[in-house]
Amino acid sequence: MSVVSSVTVRVPGTTANLGPGFDCIGAALTIYNKFQFTRLDEGKLIIHVTGEEAERVQTDESNLIYQAFVKLYQHIEQTPPPVKIEIELGVPLARGLGSSATAIVGGLVAANKLAGAPLSDLQVMELAIAMEGHPDNVVPALLGGCRLAATSGTGWAICDVPWDNSIVPVVAIPDFELSTSEARRVLPTEFSRADAIFNTAHLGLLLRALATGKGEWLTAALQDKLHQPYRQALIPGYAAVNAAAIAAGAYGMVISGAGPTLLALTNVNNAQAVETAMASAWKAEGIKAVVRSLSLDTQGAG
């Protein structure tokens, strides 16, 4: 195994759940964090951060990127080398766009490259899932595309989900945060059989709708009864933004990950109108938001 002195890893942000796909489906988007790792001759750790919210990122050993870096070296039973990490932030923090997943994947991938690639992509993915606790963000962040993950015996079965090119994801990112732990606290611990059947049917429909781009299927498929009804109250203006997106031509709107970012799916012709409508609706609620039309990232971390 050849050992290199410096590596750069770009990791896409993600949107997870997509309505009924709670904790099992996610898609990589064309929004990125970039990490450069350079071996040091002495010392232990230097972290430099640039980009919006840079001052909020930890620059000591508690940094999640460094923790992932160390995790891989522990897994291969080696001492992590002293390293300088330069971070360029492009994915907003604590907004439901997979910022923690980019950190975990970036740290693991960089460590694997610096160590001479002793682990396969599958082994790196399993470490990432173990660190994150669920697969819906880290798998597409690592592999790109839209991915469905299910347990398979003692491992994971990962399925790529076709995404029709006509479907445009529009993200509306508000200027407030919502932690994943807070978003999970509001969820019930048990669900009815009817709700389980509802989500099973709608997840199946979602897979077909994404593959075909059929708008009427997407409108039905994005409905959910496991997490969104409980989390909507945590997001001020949710109902108004949803109504505005639909009126502007979106097929539907969902909470991106744990929120508070809202994701609308639409077509190319309506994307600009949906952007404008979602931004205006939140502005009317007294909330500033950055609204962007993105695309599906098909490359993943690299």
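Condition check: within 18 Å of Cys146 (Cα to Cα), basic (Lys, Arg) and part of a helix (DSSP H, G or I). Does Arg231 satisfy that? Here the answer is no, as Arg231 does not meet what is asked.
For region 3-46, the set of residues classified as of a type in the set (Phe, Trp, Tyr) and within 23 Å of Asp224 (Cα to Cα) consists of Phe22 only.
For the subset of region 58-100 comprising residues that are among the β-branched types (Val, Ile, Thr) and not in a loop (DSSP other than H, G, I, E, B), which member is farthest from Val7 (Cα to Cα)? Ranking the qualifying residues of region 58-100, first place goes to Val70. The residues of region 281-295 that are assigned to a helix (DSSP H, G or I), open to solvent by less than 40 Å² (accessible area, probe 1.4 Å) and farther than 25 Å from Ser166 by Cβ amount to a single one, Trp282.
Selection of strands (runs of 3 or more DSSP E) fully inside region 116-177 by the criterion of at least 3 residues being touching a strand residue (DSSP E or B) at 6+ places or on another chain (Cβ under 9 Å), free of Cβ contacts under 8 Å to residues at least 24 places away in the same chain and surrounded by fewer than 22 Cβ atoms within 10 Å (Cβ to Cβ) returns 155-161. I'd like the full set of residues that are open to solvent by 10 Å² or more (accessible area, probe 1.4 Å), of a type in the set (Gly, Ala, Ser) and within 17 Å of Ser179 (Cα to Cα), limited to region 211-257. Result: Ala233, single match.
Scanning region 258-269 for residues that are of a type in the set (Val, Ile, Thr) and open to solvent by 10 Å² or more (accessible area, probe 1.4 Å) yields a single hit, Val268. Given Glu88, Glu77, which one is more than 26 Å from Ser293 (Cβ to Cβ), open to solvent by 30 Å² or more (accessible area, probe 1.4 Å) and not β-branched (Val, Ile, Thr)? When all the criteria are applied, what remains is Glu77. Regarding Arg208, is this residue open to solvent by 30 Å² or more (accessible area, probe 1.4 Å) and assigned to a helix (DSSP H, G or I)? Yes. The strands (runs of 3 or more DSSP E) falling completely within region 5-50 that include 2 or more residues that are among the aromatic types (Phe, Trp, Tyr) map to 25-39. Just wondering, is there one or more residues in region 196-205 that are under 21 Å from Phe22 (Cβ atoms), in a helix (DSSP H, G or I), in contact with a His (Cβ under 9 Å, 6 or more places away or on another chain) and open to solvent by 20 Å² or more (accessible area, probe 1.4 Å)? The answer is no; no qualifying residue exists.
The values are calculated or read from the model by the stated rules, or taken from the named source; none is laboratory data. Computed from a predicted structure; not experimentally measured. Cβ coordinates were reconstructed from backbone atoms using ideal geometry, including for glycine residues, and neighbour counts include every protein chain displayed. Note: accessible area is taken over every heavy atom of the protein model, side chains too, but ligands, DNA and RNA are not part of it. Shrake-Rupley method; radii C 1.70, N 1.55, O 1.52, S 1.80 Å.
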